[in-house]
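Q: Mind having a look at this structure? Questions to follow.
Laboratory data are not the source of any read-out in this text; all were calculated from the coordinates shown. On a predicted model such as this, the values are computed, not experimentally measured, just so you know. Glycine gets a Cβ as well: all are built from the backbone with ideal geometry, and neighbour counts include every protein chain shown.
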Amino acid sequence: MIEAARGLGATVTRAPEQLSESRFNSEVLSEAIVRGTLDRREADLPHHVAAATLDGIPVLFGMLDGSALKGSVDQQMRRYRNQATIARSWLGSEAPNLQLFVTAPSGALRDPAWRQLAAEIEADDRTCRKLVWLFEGSPTLEDAKGFFERTFIARPWPVQQLRQRLDSMTNIRLPEGWEEAIEDPDFDFSGLVEQLIELERGAPA
C-alpha cells in the first residue's frame, strides 16, 4: 500500500511509533499505571497494525482475518478502534485527521457478505474514518492504487500528466490587453468582463 501511495504521488513519511503501540500518551508519565493496564490493553488491541503519514495525514493500516462473520469482524474492528483511540492520544490537534485503512481477506471482493460488512465498517465514524480494501486473489500494486483512488490521496490525473500540464502553461500568452485589464484595480467583475469583450471585438481577425 505504501508503494502504491508513492506511485500516485503522495508524500509518505514515517509516523510516530507510539501510534501503533499499546500505551496512551498519559500513561508514559506513570509506570505504575502502565504495569496495571498493559496486559489488559494488549489483549484488546489488534494483532496486525502499522502507521504512516500520507500527505501529512496520519493513517493506521490493519488487516481483517477469518470469514465474513459479523461477530468476528466486529470484534476485530473493536480492537482497531481501541488502537485508533491510543493513536489519537499522541496526535494532539491532528487527532481528528486520523484514518484507518484495513484489508479484507483474499477473495472478499466477490463475496456479498464481505461487501456488506465493509459498507457497515465504513459507515461507522466512531474514533476515525475507516476504509476497507476488498480485492480478488493476491493483491497487486494496481489493486492498491485502485483502493487509494477512494481516499484523500486520489489525484484527478496522473502526476506526470499534471507536471506536463503545468509546464505547458508557462508557454501560454494572454491576448493583447488582457493582462493589463486583469491587473487594473478600477475594474470590478462586470467591468472586467465588459473590457475583455471589447478587447476581443477590437482584435484583428
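Q: Among rounded, prolate and oblate, which fits the range 1-155 when a ≥ b ≥ c are the square roots of the eigenvalues of its C-alpha gyration tensor, a/c under 1.5 means rounded, and a/b larger than b/c means prolate?
A: oblate
Q: Moving on. Based on the mean of other Cβ atoms within 10 Å per residue, sort peptides 10-17, 48-55 so the most packed one is first. Don't jump to the answer; show the numbers that get you there.
A: On the way: 10-17: 14.1, 48-55: 18.5.
With the highest mean Cβ count within 10 Å placed first, the list reads 48-55, 10-17.
Q: If you don't mind, another one. Give me the number: length gained by fully extending residue 154 to residue 69, i.e. 0.36 nm times residue separation minus the C-alpha to C-alpha distance, one decimal in nm.
A: This chain segment gains 27.5 nm when fully extended.
Q: Now, a different point. Based on the Cβ-Cβ distance from residue 138 to residue 179, what FRET efficiency comes out when R0 is 45 Å, to the nearest 0.05?
A: On the way: r = 55 Å, r/R0 = 1.23.
Here the calculated transfer efficiency is 0.25.
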